[in-house]
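This report refers to the structure that appears directly beneath it.
The values are calculated or read from the model by the stated rules, or taken from the named source; none is laboratory data. Values in this document were obtained by computation on a predicted structure and should not be read as measured data. Cβ: placed from backbone, ideal geometry, glycine included. Neighbour counts: every protein chain shown. Quick note on the areas: whole protein, heavy atoms, side chains included, nothing else; ligands and nucleic acids left out. Shrake-Rupley method; radii C 1.70, N 1.55, O 1.52, S 1.80 Å.
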Amino acid sequence: LALAHRASGAGDDDLDDVERFLVAASLVPAFDARLEALDLRVRFGAAARDLEARLSSVEAACTACVESASLWAALALLRDVGNVVNGGTPRGGAVGFRLDALSRLEATKAADDGRPFLCRVVAWLDAHDGRLLPSLGRLRVAADRAARSARALRADAGALRARGARGEALLKAE
């Protein structure tokens, strides 16, 4: 912009304030890069605090899962039922199971009424411990929030790292 203005032979007196600013800004080396580095400096603190808040949400959901006696009781019951169903096979006598087995278990239907087997287990647990269903509901909400937060957190952290690296490179280049 400055070169075009100078080449035109027009003086700076012909320019208004905005045009003078643009001509002066076009003379600053790596203006776009410097502007991006300044923007990063201004926004970095707020972005870091937002990431920390979302990470706290993920940590709280993990803590709730680890500390929930009802959840552990439900998982133990599911393991025990699986051991009975799979008794006499190599899968019987398991000491645990992978969590993705729960989604397959939800699809398993009971032969007598067609309801998902998992619904029966939860109903049985709730009949014996009235606190289970509200507990599982809260855990499900927390787990869903944590999963969404974790995905967004990973994406935002990657973008923030990339912007930070670009900003550091620009500042070193000065």
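Structural remarks
- Calculated from the alpha-carbon coordinates, segment 17-57 shows an Rg and a Dmax of 16.2, 49 Å respectively.
- Simple label model, 7 Å out from Cα along Cβ direction - THR108 to ASP12, nm: 8.1
- Euclidean distance between Cα centres, segment 89-118 to segment 8-51, Å: 61
- Rg/Rh (Cα only; Kirkwood hydrodynamic radius) as it applies to segment 51-105: 1.15
- With every protein chain in place, segment 71-125: carbon and sulfur % of accessible area (1.4 Å): 64
- Phi to ³J(HN,Hα) by Karplus 6.51 cos²θ - 1.76 cosθ + 1.60 over segment 47-61, Hz, x for Gly, Pro: 5, 5, 5, 5, 5, 5, 5, 5, 5, 4, 5, 5, 5, 5, 5
- Label point at ALA173 placed 7 Å out along Cα→Cβ; residues across segment 25-66 whose backbone nitrogen lies under 11 Å: 29-37
- Straightening the chain between ALA165 and ALA48 buys 40.6 nm, computed as 0.36 nm per residue apart minus the Cα-Cα spacing.
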